[in-house]
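Take a look at the structure below.
The values are calculated or read from the model by the stated rules, or taken from the named source; none is laboratory data. Here the structure is a predicted model, which is why all the values come from computation and not from measurement. No Cβ is skipped: glycine too gets one built from the backbone with ideal geometry, and neighbour counts run over all protein chains shown.
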Amino acid sequence: MIKLMRFFTKKDKANIFLCILFVIGSVWLELKMPDYMSQITILVQTEGSKMKDILINGGYMLLCALGSLIFTIMTGYLAANISSDFSKKIRKAIFDKVGNLGMQEIKSFSTSSLITRTTNDVTQVEMLIGMGLHLLIKAPITAVWAVTKILNKSWQWSAITGVAIVILLSIISILIKIVVPRFKIVQKLTDKINGITRENLTGIRVVRAFNAEKFEESKFNKINNELTDTQLFNQKKFAIMSPIMYLVLYGVTLAIYFTGAYLIKDALIADKLAIFGNMVVFSSYAMQVIMSFLMLAMIFMILPRAQVSANRINEVLDTTLSIISGKYDKNTTEKGTVEFKKVSFKYPNADEYVIKDISFKAKKGETIAFIGSTGSGKSTLINLVPRFYDATEGEVLVDGINVKEYKLETLMNKLGYVPQKAIMFNGSVNYNVSYGDNGKNITKENIKKAIDIAQATEFITKMDNSYESNIAQGGTNISGGQKQRLAIARAIARDPEIYIFDDSFSALDYKTDATLRKELKKYTKDATSLIVAQRIGTIMNADKIIVLDKGICAGIGTHKELLKTCEVYKQIALSQLSKEELENA
């Protein structure tokens with residue numbers, strides 16, 4: 001929690017100071033009321049007292065109550081503003097941090113966990129601050145102030161109050177020790193609930209196709225029941241606190257009056273009235289002390305879970321970034337070149353390299369293709385260019401500059417990236433194609449041209465609102481091939497120096513694939529293209545083909561050269577095309 005305090009601004013700190021002042025004012029007024037009550041008690045018992053004096057003291061009590069109410073409302077208003085503003089800043093900080101995490105860090109947190117940390121965990125901290133700024137400040141001030149007012153009244157009554165406080169503190173300590181470890185379990189189970197729900201919703205077609213509804217239900221029920229049982233355990237333990245608190249509260253009052261009865265009985269006639277007045281005042285102050293511990297008990301019910309949530313938030317915020325932006329943001333003399341110099345890469349904590357000792361250079365206007373069996377390292381290799389990962393050994397150069405030296409924004413503005421899985425966002429066709437900012441103004445004409453090159457015009461113009469037609473989140477209202485074409489159009493609309501196609505033509509039929517590549521070749525003649533593909537037909541016209549086998553470069557050359565010199569490439573080619581087709585290609 002202490003680490004998160006850095007998000008408090010000067011304005012927040014000023015408001016917190018005002019909260020403290022308002023709480024002190026409220027407590028002072030509340031603790032003044034028993035004094036007036038004592039005066040009224042004495043006046044009522046004293047012969048010859050005037051009704052005017054009783055009413056005046058009663059009026060003071062009403063003014064104290066009204067003043068305390070106003071201070072409490074102002075404290076609540078400020079606390080609500082501070083806590084909501086604080087949670088807004090925390091959510092933004094988490095979102096910004098996640099946006100800057102490299103693929104290595106993102107994989108250490110599950111998507112569902114990051115969602116829970118941004119929502120539920122932040123809410124827990126917000127609740128603690130909202131209540132804490134009132135109750136957590138008020139409770140100790142009330143307790144200490146009330147105790148100072150009753151210490152000199154009677155050692156018997158003080159002892160009764162002291163024993164009650166010890167009992168309350170013992171119960172609170174035991175409950176916290178039992179419950180706190182289970183709050184960590186609750187948050188982890190909440191992550192799992194979110195993960196299973198998300199998995200079920202995104203894979204709903206597969207679930208239904210394989211009649212796996214019962215299986216998914218049982219999987220969900222197992223985690224849900226575990227979460228429910230853990231929550232029930234926590235709530236049952238905390239439920240013990242309330243009756244015990246009130247038992248102690250009323251027990252103290254009863255004990256004070258019981259003891260007071262004996263003190264009055266044994267006192268002199270002249271002292272009886274004074275003892276009675278002190279007993280009334282003492283019982284009121286003792287109630288205030290016990291009530292302050294009741295308030296603390298409410299905070300202690302929230303504090304453990306908020307502490308767990310704060311730790312989970314800090315885990316994200318304190319994550320060390322593996323991909324750190326460089327400082328280079330100037331124009332380069334070279335344009336559209338990509339060079340790998342003895343590049344090797346292995347994932348963090350892995351023993352074996354995914355790619356090993358890869359070297360090649362792509363010049364402006366060239367098309368470089370990568371092919372190999374599944375798991376040979378093709379996608380990993382091109383993911384080193386946009387710095388989704390950094391090379392373990394060697395250098396990756398773009399326009400003659402190491403990618404690690406570029407400002408990330410500058411590097412990304414040079415690239416047009418089309419991922420393996422086409423990602424669509426909730427919005428219009430125009431919004432999806434013009435998505436992002438690369439320092440260029442993407443006009444509607446640019447969008448239409450990019451869509452036309454990507455062979456998507458036909459199906460878009462048939463949609464209800466054409467280019468303004470809505471694309472659902474994840475592109476669930478269009479086919480896989482349509483999503484791929486829109487993703488390709490998005491890269492084309494950026495008009496980058498370097499295109500990266502990570503197996504981006506796999507969902508296209510052969511005719512559309514051939515037409516798209518033909519049009520794309522014309523449009524990108526002055527740009528460099530890096531293409532990962534499984535189909536020989538997609539890459540056979542590339543200027544250079546790099547064959548990967550278990551992360552090692554098995555051959556580099558044109559299609560015809562590799563058929564003669566690279567057995568791995570030849571086997572891939574023969575698995576897809578006949579000898580006659582390869583000879584005539």
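Among the residues of the range 530-549, the one identified as modelled with pLDDT of 85 or more and among the basic types (Lys, Arg) is Lys544. Only one of the listed residues (Ile275, Ile240) is in a helix (DSSP H, G or I) and either modelled with pLDDT of 80 or more or of a type in the set (S, T, N, Q) (or both). That residue is Ile240.
Applying a threshold of 6 Å to beta carbon distances and a minimum spacing of six or more residues, or different chains, the list of pairs starting in the range 416-433 at a residue that is within 16 Å of Gly481 (Cβ to Cβ) and ending at one that is assigned to a strand (DSSP E or B) reads Val418/Phe501; Pro419/Asp502; Gln420/Asp502; Met424/Ile471; Asn432/Ile471.
Do the conditions hold for Thr367, that is, is it free of Cβ contacts under 8 Å to residues at least 24 places away in the same chain and either surrounded by fewer than 21 Cβ atoms within 10 Å (Cβ to Cβ) or closer than 22 Å to Gln484 by Cα (or both)? So Thr367 does not fit the description; no. Here Asp464 meets each of (1) within 30 Å of Glu334 (Cα to Cα); (2) part of a loop (DSSP other than H, G, I, E, B); (3) free of Cβ contacts under 8 Å to residues at least 40 places away in the same chain with one exception, condition (1).
Scanning the range 458-491 for residues that are closer than 21 Å to Lys421 by Cα, surrounded by fewer than 23 Cβ atoms within 10 Å (Cβ to Cβ) and among the basic types (Lys, Arg) yields a total of 1.
For Val396, the requirement of being at pLDDT 90 or above and touching a Phe, Trp or Tyr at 6+ places or on another chain (Cβ under 7 Å) is met.
Kindly indicate whether Met33 is more than 30 Å from Asn81 (Cβ to Cβ) and among the aliphatic types (A, V, I, L, M). For Met33, the condition - more than 30 Å from Asn81 (Cβ to Cβ) and among the aliphatic types (A, V, I, L, M) - is not met.
Among Ile178, Ile129, which is of a type in the set (A, V, I, L, M, F, W, C), out of contact with any Ser or Thr (no Cβ under 6 Å at 6 or more places or on another chain) and either free of Cβ contacts under 8 Å to residues at least 24 places away in the same chain or under 23 Å from Met301 (Cβ atoms) (or both)? Only one candidate passes the filter, namely Ile178. Considering (1) under 30 Å from Asn438 (Cα atoms); (2) surrounded by fewer than 16 Cβ atoms within 10 Å (Cβ to Cβ); (3) out of contact with any helix residue (DSSP H, G or I) (no Cβ under 7 Å at 6 or more places or on another chain), the lone condition that Ser322 does not fulfil carries the number (3).
Quick one: would you say Leu574 is in contact (Cβ under 8 Å) with a residue 40 or more places away in the chain and out of contact with any Gly (no Cβ under 9 Å at 6 or more places or on another chain)?
no
Take the conditions (1) among the aliphatic types (A, V, I, L, M); (2) part of a helix (DSSP H, G or I); (3) touching a Lys or Arg at 6+ places or on another chain (Cβ under 8 Å); (4) surrounded by 20 or more Cβ atoms within 10 Å (Cβ to Cβ); Ala286 misses just one of them, which is (3).
Restricting the range 434-444 to residues that are in contact (Cβ under 8 Å) with a residue 40 or more places away in the chain and under 13 Å from Pro496 (Cβ atoms), the residue that is nearest to the chain's Cα centre (by Cα) is Gly436. For the range 492-516, the set of residues classified as surrounded by 23 or more Cβ atoms within 10 Å (Cβ to Cβ) and in a helix (DSSP H, G or I) consists of Ile492, Ala493, Arg494, listed by residue number.
Table: residues versus (1) modelled with pLDDT under 85; (2) under 36 Å from the mean Cα position of the chain (by Cα).
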residue	(1), (2)
Ile488	no, yes
Pro496	no, yes
Tyr499	no, yes
Asp503	yes, yes
Ala507	yes, yes
Arg517	yes, no
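Output the residues belonging to the range 329-344 that are in contact with a Phe, Trp or Tyr (Cβ under 8 Å, 6 or more places away or on another chain) and either among the basic types (Lys, Arg) or at pLDDT below 85 (or both). Within the range 329-344, just Asp329 meets the criteria. Only residues that are in contact with a Ser or Thr (Cβ under 9 Å, 6 or more places away or on another chain) and among the hydroxyl-bearing types (Ser, Thr, Tyr) were counted in the range 425-455, giving 3.
Taken residue by residue, the range 425-433 has at least one member that is surrounded by fewer than 22 Cβ atoms within 10 Å (Cβ to Cβ), part of a loop (DSSP other than H, G, I, E, B) and not assigned by TED's automatic domain parsing to the domain that holds Val338.
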